[in-house]
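Below: one structure, written as structure tokens.
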Amino acid sequence: MTDRDDTAPPAKRQATLSNGTKALADLDPLTDRDRVFEEFTKDALIRQKNEYKRRKADLEERVAELEDKSKYHDDHLRIIDLWFSQLVDEVAVLANDTLPTSEPKPSESAPFPTSLLSSDSEAFKEHLHSRTSSIKKALSDLFSRIPAASPDVQDLQGQLSKLLSLEKQHTAELHRIIAEKEQYEARLQGATERYVLAERKYDPSKDDSKQKADSPPAANGSVDSAEIEAARKEANAVAEKRKAQCEQLAAENRKLTEEVTSLKAKFAGLTNEDYAKTDLFKALRSQHEDVIKRINHLEATNVQLREEATKLHAERTAYRMQMDEESRAAISDTEAQLAKAEADLARIRNARDELASELAQRKAAQDDVSASSEQIKELASARESRIAALETEVERLRLREYALLSNELPSMEAAWKKAQALAAKKTAELVNWEEQVNRLTAEKSKADQKYFAAMKAKDAREAECRHMKTMNARNAEIIAQLKSIESANQNMKINLEKQVAESGEALNRLQEQFRILQQKAGEKANTTESLQAQIAELKNALNAKDSAVLASKHTQRELEGETEKLKVRLQETERQLSNWKDKDKRDDMNEMWRSYALCPVCRKNLKDTAIKTCGHVMCRDCVDEQFRGRSRKCPVDGRSFGNADVMKLNM
């Protein structure tokens, strides 16, 4: 199937021998019901497939067209984006190179007409919000270098900028609507071509009853009524749109009339009093009065500061002399006390060293005495053990003979005498040692008393030394405080002198500013006439722009009416398309049932006769034709039959 065939509604598939074993017209709806249903289902599926193919081709064509448009618009936007960046950079360079730099006002930032950003346009916010900062940065510098105009001129400029912004928005909206209209017209033209092609391919073969139902008078009447209904809907839509536009225009006209009347009454007769009531004159007068007040205040402050500086200088000199005398006296007292404390500390340290050496000697002697007493204790324990052994031996030797005792007694006596002499010697040494220990203990107690007295004196000296150090630290703190006070006074003096100098410079600057303001006031008076001429030119330009805006609005209203008319036509066309589809489906169903009822041989008469041998059904004329031709064979399968094989059917 070609693309040209796909643009039209799907036609029925003709039942031929190539589609199956039997032709669809040759099938018996009673015996081959499943076969007939299957064939008709296939035909319906094929027609639906062709319909989907046609829709797919249409959608693919639209998608390709949209892709081409999208690609073109993307390239266009990228080029515009690059051009816009270059334009902003060139504007910034041009503003820095050619325009003079004006002093920024303290009460406000660089002037920038917000109407250029179209802040009330949602489309602008959506597409150019990311570039707002760069636009403001580049154009704020440019507009800050332009001399400021009077408030009336600024007001008119703001109104003109708003009207120009609205005109651009309406122009963009108008272009969008025109593009949509052209797109809808192209789609409508394509749909019309498809419907004409479908109408040409439509099979007009109908039965007599259907031809009567679709006779030309009835068709013309239905077409006329449909056209009249579509025209009526278009007229109603256009009328409603015109009514809404008229109401909107009436409201805008009333608002603009009120504004024009008020502006005419305001600008009809401007006098000197009116100029005196303007914000510019009030601002200049307030600035002039403020400058005079500041000059008087600064002069009074300058005199007061000079008197205070002289007084503070005298007080600082007297206070410095007093602090010097007090600090010298405190330093001399502290140095005397510190020398006395150092002498006492040296004497205490010498006494401490002597007592420490004597204590070390006594500890060494006491260690020797303790070692001797330990040896005596060991000797006494050895003697006691020896006595016990000898007593045991005596008891043992008593049992022996007296002869042996007489031989051993001399040696035992000699040993006992020797031990007794040694014990007496050790006892004498022990007594001497005990006397020495008692003597050393007494000397130690005396030395301890002297040591404790020395330590007590040492503690007293240390406390006195700490007190002296504390007093010395306090004196150092007092000296540091005095030095800090002196430096603070010096800084205060320097600051006051700087303030006096700055006050003089500020007074000179204010006098210079006052002179400049007087010159500017004269210049403002000279530029008032030129500004009035500019106001007249802006009014003329505003009138021209108003006429252009009105013309564009008129064109927009006409295009909106045309758009509404096209929308109604599109809806009517879609409704007719759905009706044609439903009608096509109903015609297919009627054709199916007619094919069931018509004779499969002649396709003219209804089925009313059945052949018993093969079961086929046809009209009586076809059966009689077989009898007249002496063929007597079924025209469907060629089987023979006779008069007895023919049966009448009632349908």
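Taken over region 595-651, residues that are in contact with a Phe, Trp or Tyr (Cβ under 7 Å, 6 or more places away or on another chain) and crowded, with 18+ Cβ neighbours inside 10 Å amount to 2. Taking the criterion of being closer than 20 Å to GLN499 by Cα and assigned by TED's automatic domain parsing to the domain that holds SER503, would at least one residue in region 316-328 satisfy it? Within region 316-328, one or more residues are closer than 20 Å to GLN499 by Cα and assigned by TED's automatic domain parsing to the domain that holds SER503.
Here's the yes/no breakdown for (1) exposed (fewer than 14 other Cβ atoms within 10 Å of the Cβ); (2) over 30 Å from ALA346 (Cβ atoms); (3) in the same structural domain as GLU342 (by TED's automatic domain parsing); (4) out of contact with any helix residue (DSSP H, G or I) (no Cβ under 7 Å at 6 or more places or on another chain):
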| residue | (1), (2), (3), (4) |
| --- | --- |
| ALA415 | yes, yes, yes, yes |
| ALA423 | no, yes, yes, no |
| GLU435 | yes, yes, yes, yes |
| GLN449 | yes, no, yes, yes |
| LYS456 | yes, no, yes, yes |
| ILE479 | no, no, yes, no |
| LEU496 | no, yes, yes, no |
| GLU505 | yes, yes, yes, yes |
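Please identify the pairs in which a residue from region 446-473 that is in contact (Cβ under 8 Å) with a residue 60 or more places away in the chain and among the polar types (S, T, N, Q) has its Cβ atom under 7 Å from the Cβ atom of a residue that is surrounded by 12 or more Cβ atoms within 10 Å (Cβ to Cβ) and in a helix (DSSP H, G or I), counting only partners at least 6 apart or on another chain. That search, which allows pairs on different chains as well, returns ASN472/THR334; ASN472/LEU338.
Just one of the listed residues (ASN495, ASN508, ASN489, ASN407) is in contact (Cβ under 8 Å) with a residue 24 or more places away in the chain and farther than 30 Å from ALA365 by Cα, and it is ASN489.
The values are calculated or read from the model by the stated rules, or taken from the named source; none is laboratory data. Just so you know, these numbers come straight off a predicted model, no measurement behind them. Backbone-built Cβ (ideal geometry, glycine too); neighbour counts: all protein chains shown.
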